[in-house]
2 protein chains.
Amino acid sequence: MVEVLRLGHRRGRDDRISTHVALTARQFGASSVTFSGERDDSMLESVRDVVERWGGPFDIRYREDWRNVIRDFDGPVIHLTMYGVPYYEDIDGLEGDFGGSEDDILVVVGGEKVPSEVFEIADYNLAIGNQPHSEVAALAVFLHDLFQGDWTDREFEDAEIEVFPSEEGKETRKTDTSS
Amino acid sequence: MVEVLRLGHRRGRDDRISTHVALTARQFGASSVTFSGERDDSMLESVRDVVERWGGPFDIRYREDWRNVIRDFDGPVIHLTMYGVPYYEDIDGLEGDFGGSEDDILVVVGGEKVPSEVFEIADYNLAIGNQPHSEVAALAVFLHDLFQGDWTDREFEDAEIEVFPSEEGKETRKTDTSS
């Protein structure tokens, strides 16, 4: 199981980026996202609404105290940051800790300003490239490689709506889940 | 060369997502990004400022007339959309058109509402998963796979600042590019 923690949400300014973090976590195989920073019920609600319509399971949580989310986590904590060690380089111990293992993983992505304490309490500070980048892009590529593309087979349960893939336009089908 | 076209920018509401699209295009190996929708000089300026400090080359453009950006493009036009055909499936002609070829490619990513005309004039409508998702995540994973990870070797020119990768915190080095 992979869980995602998104730090430092700010109401208004971050609502779309935070929503994209949640959609990316859900789509690329994580089982939950926890938001920290300012509590933003309308953003949480809009993500829950996506799960309601497009299926789950996928948990959406808010925790003010991100330190304890990290400290209480039972498994490697991986902080994605442009300042970290490139994730595609050999890093002592890394492979053994989460590559192909059964351990749960917590992936932490920052907001605008990440406290230095995060670098200290995370087990790994990994960079998806050492360039200014998007936490959405970093999360997507990290999960894509972590699951070796297997997220593409994921079936979501209790979806009310799904896409009928098309070469030419938008087609969806709706499912009656009321029975 | 891969170029990116981002449709339907809205001032204020989209500034951060559009900035993330630009950073993702730059980092994952595209040579330019063109924005359409509402003209937003402050957003364009903030992306140019990143290129100024972190290096290029990477072109940032605004074109009101996105139809002609697509129509005038000399090479395959790939529209990334959750409604499209999964990009990892075999698609007739696709491999021959851009997989490992020398052709330039235009990657189109939408905003909130993509006109149906885009589906018609794009050569391919490809889905990075048929779930609600982020255009930032879709672009990142598509470019990452297109370049088979080779973007990680990219050296940016004339950077004033670069990250010194660290396991424990934020370290950068500044370069005097004034000489």
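A few points about this structure:
- Sole residue being modelled with pLDDT under 95 and within 30 Å of residue A:167 (Cβ to Cβ), chosen from B:93, B:37, B:8, B:12: B:93
- All strands (runs of 3 or more DSSP E) inside the range A:1-72 with 3 or more residues being touching a helix residue (DSSP H, G or I) at 6+ places or on another chain (Cβ under 6 Å), within 30 Å of residue A:120 (Cβ to Cβ) and within 14 Å of another protein chain (Cβ to nearest Cβ): A:2-9
- For the range A:1-16, a residue qualifies if it is among the acidic types (Asp, Glu) and either surrounded by fewer than 21 Cβ atoms within 10 Å (Cβ to Cβ) or under 8 Å from the mean Cα position of the chain (by Cα) (or both), and the qualifying residues are A:3, A:15.
- Residue list for the range B:21-50, filter: in contact with an Asp or Glu (Cβ under 9 Å, 6 or more places away or on another chain) and farther than 16 Å from residue B:151 by Cβ: B:34, B:36, B:37, B:38, B:39, B:40, B:42, B:43, B:46
- Checked against the criterion of being under 25 Å from residue A:18 (Cβ atoms), within 9 Å of the chain's Cα centre (by Cα) and in contact (Cβ under 8 Å) with a residue 12 or more places away in the chain, the candidates B:24, B:34, B:19 yield just one match: B:24.
- Criterion applied to B:85, B:136 was being at pLDDT 95 or above and under 30 Å from residue A:153 (Cα atoms), and the one residue passing it is B:136.
So that you can scan it fast, the table gives a plain yes or no per residue for (1) among the aromatic types (Phe, Trp, Tyr); (2) closer than 30 Å to residue B:68 by Cα; (3) more than 7 Å from every other protein chain (Cβ to nearest Cβ):
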residue: B:128; (1), (2), (3): no, yes, yes
residue: B:143; (1), (2), (3): no, yes, yes
residue: B:152; (1), (2), (3): no, no, no
residue: B:158; (1), (2), (3): no, no, yes
residue: B:165; (1), (2), (3): no, no, no
residue: B:168; (1), (2), (3): no, no, no
residue: B:174; (1), (2), (3): no, no, yes
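- Hits in the range A:111-143 - residues which are in contact (Cβ under 8 Å) with a residue 40 or more places away in the chain and either at positive phi or under 11 Å from the mean Cα position of the chain (by Cα) (or both): A:129, A:135, A:136, A:138, A:139, A:140, A:142, A:143
- Only listed residue being under 21 Å from residue B:131 (Cβ atoms), surrounded by 13 or more Cβ atoms within 10 Å (Cβ to Cβ) and at pLDDT below 95, chosen from A:77, A:109, A:141, A:51: A:141
- Meets criteria (modelled with pLDDT of 90 or more, within 20 Å of residue A:27 (Cα to Cα), under 18 Å from the mean Cα position of the chain (by Cα) and charged (D, E, K, R)) for residue A:61: yes
The values are calculated or read from the model by the stated rules, or taken from the named source; none is laboratory data. Computed from a prediction, not measured in an experiment: that's the story for all the values here. For neighbour counting, all protein chains shown are included, and Cβ atoms are generated from backbone atoms with ideal geometry for every residue, glycine included.
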